[in-house]
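Working notes for the structure below.
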Amino acid sequence: TEGSKTLLVIDLYHNYYPRFKDVTLDNGDKIIVEQTRWKYIHVEASPAGCLVHIKPHVYPDEPFPWTSQKNERTIRPDFVLIRNFPLDSHNDTFRSQVLGLLMGGVPAVNSLESVYQCMDRAYVHSQLVKVQHKLGADAFDLIPMYYYPNEKIILSVPDSPLDKQNATPYPLVVKVGSGHEGRGKIRAQTESDMHDIRGLLAQNTEYFTYALYFTSDGGSGNDIDAIGTFDTIYAVDI
């Protein structure tokens, strides 16, 4: 509407309605918040922009009190704030919604281009490998990751050349597909563990990756983020 801008927020956990209450832009336009989850939106795009149809939140996703989440509505977003990744449990993907927002030319944070490209762990790692090849391993150290299309193919190749070429010491962390928030991963302490894990992976058609599992003195695992000269280490349990 005239004199206002619509902010579409994709977030399950935090209530953004009160955060933008009475907030205006430099030109005086009000900010109208419409918050929801990926699974509740339907996106259509044209050269004129895009329309987003939002379904009401239903159990177990209780709507935030005194908000529009209990209503069905159609909006034309001016900006999108993305706080939830467009992947859900059981490999549910909301790629089509992201593509619709891209086609509609809607600006977003993080950018829709980065969100789309980061929907696949293997693709992200491939881009990091390109950076390492360009800068060199000394300048851009990267934890090696090994990729397999799926366990069914491995079972048909008894002596994989990768197994001999890339002999990685245990423990390993095995990740299936592009699961996030701790889902779709398991730790293999020994070759016996890995044998059992492969038996489970044989029931799945997703690709999987494995990498060295770093442990701290307390026995928990570590997630390591390294950006430039800054390193951050998070203790995690698997």
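The numbers here are math on the coordinates, done by the rules we state, and not lab data. What you are looking at is a predicted structure, and each value in this text was computed from that prediction instead of being measured. Ideal geometry is used to build each Cβ from the backbone, glycine not excepted, and the neighbour counts take in all protein chains shown.
For region 108-151, what value does the Rg/Rh ratio take when both radii are computed over Cα atoms and Rh is the Kirkwood radius, given to two decimals? Walk me through the numbers on the way to the answer.
Values: Rg = 12.8 Å, Rh = 12.0 Å.
Taking Rh as the inverse mean 1/r over Cα pairs, Rg/Rh reads 1.07.
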Decide, for region 43-98, between rounded, prolate and oblate: order the square roots of the alpha carbon gyration tensor eigenvalues as a ≥ b ≥ c, take rounded if a/c falls under 1.5, and otherwise choose prolate if a/b is larger than b/c, else oblate.
-> oblate
Would you list, by chain and number, the lysines whose Cα falls below 27 Å from the Cα of Lys185, excluding same-chain residues fewer than 8 positions away?
-> Lys39, Lys130, Lys152, Lys164, Lys175
When the Cα atoms of region 1-146 are enclosed in a convex hull and the volume is divided per residue, what value in Å³ results?
-> 163
Expressed in nm to one decimal, what extension gain is obtained for the pair Asp26 and Leu142 from 0.36 nm per residue of sequence separation less their Cα-Cα distance?
-> 37.5 nm
Please give, to one decimal in nm, the separation of the simple spin-label points placed at Asn204 and Arg83, each 7 Å out from Cα toward the Cβ.
-> 2.9
With r as the distance between the Cβ atoms of Arg183 and His53 and R0 = 35 Å, compute the FRET efficiency 1/(1 + (r/R0)^6) and round to 0.05.
-> 0.80
Computed FRET value (nearest 0.05) for Lys70 with Gln127, which takes r as the C-beta separation and R₀ as 45 Å | 0.65
Report the full-extension gain for the segment Tyr170 to Glu44: residue separation times 0.36 nm, less the Cα-Cα distance, to one decimal in nm.
-> 40.6 nm
Summing Lys, Arg as +1 and Asp, Glu as -1, what charge do residues with Cβ under 11 Å from the Cβ of Lys30 carry, Lys30 excluded?
-> -1
